[in-house]
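In what follows, a single structure is set out as structure tokens and then discussed.
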Amino acid sequence: MWKWKVLALLGVAFGVAGIGWGYAQEKTAVGFYELRIYTAQPGKRDALAARFASRTAAIYKRHGITNVGYWIPKQSDPELGISAENTFIYIRGYPSKEERDKRLNAAHDDPEFAEVVTKQESNPATKLIVKAHNIDMVPNGTYSAITITK
């Protein structure tokens, strides 16, 4: 009878340990993301999208910023401040918030960024952006289909 109780106790202990080990192996999705929503000058949204496609995305990539994707809304949503004519949306990703700060500073200090973005946006005649909104995000749970540049 005594051996049977010891074996039952060992079985329960190993079962609990196995469950704990299984939870420890569960991977948490990593990363830190920014949802960026730009309102472009009237009639300049496509020029803004083209600047990202031709120059800005490459600058970000060079500094380890993951360009997750770029979107043009197909419908307006006044409640969210989304205009199908003037809104440009994108998401960029990083390993962490700290890396975001470091990599963005490096990208914004890049001479090409100063030439392509800062110079254009500081001139009222060539300015493309009226306003920009930023929403910081982290993955929820264990799944993310996005791979972040380490």
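Taken together, the values in this text are just the output of simple stated rules run on the coordinates, not laboratory data. Computed from a prediction, not measured in an experiment: that's the story for all the values here. Here the Cβ positions follow ideal geometry from the backbone for every residue, glycine too, while neighbour counts run over all protein chains shown.
Quickly rank 72-84, 97-109 as a protection proxy: mean count of other C-beta atoms within 10 Å, highest first.
Numbers: 72-84: 11.2, 97-109: 14.6.
Those peptides, ordered most packed to least, come out 97-109, 72-84.
With 10 angstrom as the radius, rank HIS63, HIS133 by how many other C-beta atoms surround their C-beta, starting from the fewest.
On the way: HIS63 18, HIS133 13.
With the sparsest Cβ surroundings first, the list reads HIS133, HIS63.
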Along Cα→Cβ, 7 Å out, is where each label goes; now give me the distance between the ones at LYS61 and THR126 in nm to one decimal.
2.3
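Within 10 Å of each residue's Cβ, count the other Cβ atoms and sort ILE135, ILE89, ILE59 from fewest upward.
Working: ILE135 10, ILE89 16, ILE59 20.
Going from least to most buried by this count: ILE135, ILE89, ILE59.
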